[in-house]
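Data first, discussion second: the structure below is written as structure tokens.
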Amino acid sequence: MRIAAIGDLHVRTFVPTTLVKQAVDIEQAADVLIIAGDITNGGRILEVEIAAEFLDRIDLPKLCVLGNHDRRTTRRRHYVALLREAGVRVLDGDTVILPGFPEVGFAGVGGSGGGFWPEEAEPTPSNRAIQAMAVRARREAARLDKALNAMETPVKVAILHFAPTTTTLVGEPVVKYPLLGNSALGRVVDKHQVDLVFHGHSHIGSAEGVTPGGVPVRNVAASIHQGFSFHSLPLPVARHHERLAG
Ligand SMILES: [Fe+2]
Ligand SMILES: [Fe+2]
């Protein structure tokens, strides 16, 4: 399975020409398009209409999760419906299997910040905002856990907006890490031995990483790849062995 992926388009008034050009004939290079959230910048209906018009022209199955910027919408149902009409399936704690690929299951949830204690970082100094984030982090991780519990395919892919590990955040200021993801997500993908995780949200992080349990993670934020990035499943054998050894 060939996967095209992108996150953090942050569409305001137009889709950048570079993205439009990259999207031409993308159907020849991929079997599915994954969008890891922050499709729009302000969650406004006008913005999602522009994004949806762009995405509608891409003739691939399209799966996305909502990012924190998408969540700014005050009209969530309409926002999601516009994406759906453009052929984009919004995963929010649910799973999907694509026609022609019965062995690969996708589970998606936006996730949250919250920090990477204890696996990968020191505890974040606690205040009310951090506590609220921790509550959200646990809730989102539980929803991902539930989705993966229901998944019976041999190959499992998780789509997130927030990061499940710090290893794809390299380049970001370390003080920002607690806002960029959390270890609860990492624990869930490790528990379910997920084969590949996609996330965005970290605009100046790094492209490739791995959870403490050895699950390969890809940060597909558009700014890191100058647009779309391309991936394939199964992963190269060496990497798979690395995972089993880990
Ligand atoms: Fe973003
Ligand atoms: Fe974001």
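Below is a table of values for the structure above.
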{"quantity": "Relative contact order [Cα under 8 Å, 6+ residues apart], region 2-245, whole percent", "calculated": "21 percent"}
{"quantity": "Most mobile of Ser202, Ser232, Ser112 in a GNM of the chain (Cα contacts under 10 Å)", "calculated": "Ser232"}
{"quantity": "Helix runs (DSSP H) in the chain reaching 27 Å along axis by Cα, Kyte-Doolittle at least -1.0", "calculated": "128-149"}
{"quantity": "Cα pair distances exceeding 30 angstrom across the chain, given as percent", "calculated": "19 percent"}
{"quantity": "Expected 222 nm ellipticity per residue - DSSP helices of 4 or more, -39500 (n - 2.57), all of the chain, to 500", "calculated": "-9000 deg cm²/dmol"}
{"quantity": "The chain: most fluctuating residue of Ala81, Ala129, Ala207 per GNM, C-alpha cutoff 10 Å", "calculated": "Ala129"}
{"quantity": "Charged-residue dipole, Cβ positions (Lys, Arg, Asp, Glu), region 2-245 about Cα centre, Debye nearest 20", "calculated": "720 debye"}
{"quantity": "For region 2-245, with +1 on Lys and Arg beta carbons and -1 on Asp and Glu, the positive-most of Ala23, Thr73, Phe54 along the dipole", "calculated": "Thr73"}
{"quantity": "Sparse-neighbourhood loop sites, trypsin sites (Lys or Arg not before Pro) in region 116-146 - DSSP loop, at most 12 other Cβ within 10 angstrom", "calculated": "none"}
{"quantity": "Dipole in debye (nearest 20) - region 71-126, about Cα centre, beta carbon charges: Lys, Arg +1; Asp, Glu -1", "calculated": "600 debye"}
{"quantity": "Label point distance in nm, Lys146-Asp59, each placed 7 Å from Cα along Cα→Cβ", "calculated": "3.8 nm"}
{"quantity": "Top of Asn182, Asn149, Asn127 by mean-square fluctuation, Gaussian network on the chain, Cα under 10 Å", "calculated": "Asn127"}
{"quantity": "GluC sites (Glu not before Pro) within region 132-226: DSSP coil, no more than 13 neighbouring Cβ in 10 Å", "calculated": "Glu152"}
{"quantity": "Most positive-pole-ward Cα, Ile3, Ala121, Ala207, against dipole of the chain from beta carbon charges", "calculated": "Ala121"}
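Quick note: the coordinates plus some simple rules give every number you see, no bench work behind them. The structure presented is a predicted model; accordingly, all values stated were derived computationally and were not measured. Every residue, glycine as well, gets a Cβ built from its backbone with ideal geometry; the counts of neighbours run over all protein chains shown.
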